[in-house]
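The values are calculated or read from the model by the stated rules, or taken from the named source; none is laboratory data. As the structure is a computational prediction, the values presented were derived from the model and not from experiment. Every residue, glycine as well, gets a Cβ built from its backbone with ideal geometry; the counts of neighbours run over all protein chains shown.
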Amino acid sequence: MVERKSEHAPVEVPGTAIFLTATPDTTPAVLLHNIKHNHVLHQHNVIMTIKTAKVPYVPEKDRYTITKLSDRFSLLELRFGFMDDQNVSRALVRCRKEGFKFEIMSTSFYLGRRKLIADPKSGLPKWQDKLFITMADSAIDPTEYFHLPPNRVVELGEQVTI
């Protein structure tokens, strides 16, 4: 572990953190929550976004793009066709074979989880709020959908009023 550079700097911890986000051009909320609550930053941090192409299948050679942002941060974009099995673990193995350095057993996947809360002043009937929240709650678990190793996933949540 490296000492803090300033009183307010997060502690550096070994390993790799992969932060899943839909918007790679902004800092992922889950990264900010991790620093705010845990006061740590990994040695290597990857902002990962997953895109679904408008074609049935994306060839393996076109599956990913890695951009090094700094010594500690990289941007990884994975692309899958709409008929592809969106297996992130398998895609990461391919990235590793081509030079992307990380060890799966020292890698943590950070996912944001939103808890929807109905606002009685939203203007919608209460039953519509409840229906929307129920549908959102029944969505597939991203750990399962993206084939992430369940024992390597960390979920940080926030409440969102609708």
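Computed quantities for the displayed model
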| quantity | calculated |
| --- | --- |
| Filter result for the condition that a residue is charged (D, E, K, R) and in contact with a strand residue (DSSP E or B) (Cβ under 8 Å, 6 or more places away or on another chain), over Glu98, Glu60, Glu103 | Glu103 |
| Residue satisfying all of: in the range 48-102; acidic (Asp, Glu) and closer than 27 Å to Pro10 by Cβ; surrounded by the most Cβ atoms within 10 Å (Cβ to Cβ) among these | Glu77 |
| Of all residues making up the range 73-90, the number that are of a type in the set (Gly, Ala, Ser) and within 16 Å of Val153 (Cβ to Cβ) | 1 |
| Of all residues making up the range 115-147, the number that are under 26 Å from Leu41 (Cα atoms), touching a helix residue (DSSP H, G or I) at 6+ places or on another chain (Cβ under 6 Å) and assigned to a loop (DSSP other than H, G, I, E, B) | 2 |
| Tabulated pairs, the range 57-70, first over 21 Å from Asp25 (Cβ atoms), second among the aromatic types (Phe, Trp, Tyr), C-beta under 7 angstrom, 6+ apart or interchain | Val58/Phe80 |
| Residue in the range 112-119 that is closer than 18 Å to Phe19 by Cα and either at pLDDT 95 or above or of a type in the set (Gly, Ala, Ser) (or both) present | yes |
| Lys126 closer than 24 Å to His37 by Cβ and surrounded by fewer than 13 Cβ atoms within 10 Å (Cβ to Cβ) | no |
| Close pairs from the range 131-149: first closer than 16 Å to Thr49 by Cα, partner part of a loop (DSSP other than H, G, I, E, B), Cβ under 7 Å, at least 6 apart | Tyr145/Gln86; Phe146/Gln86; His147/Asn87 |
| Filtered residue count, the range 35-56, keeping only those that are in contact (Cβ under 8 Å) with a residue 12 or more places away in the chain and of a type in the set (Lys, Arg) | 2 |
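Listed here are the residues, each with its yes/no results for (1) surrounded by 10 or more Cβ atoms within 10 Å (Cβ to Cβ); (2) of a type in the set (S, T, N, Q).
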position	(1), (2)
Ile104	yes, no
Ser108	yes, yes
Arg113	yes, no
Leu116	yes, no
Lys121	no, no
Lys130	yes, no
Thr134	yes, yes
Gln159	no, yes
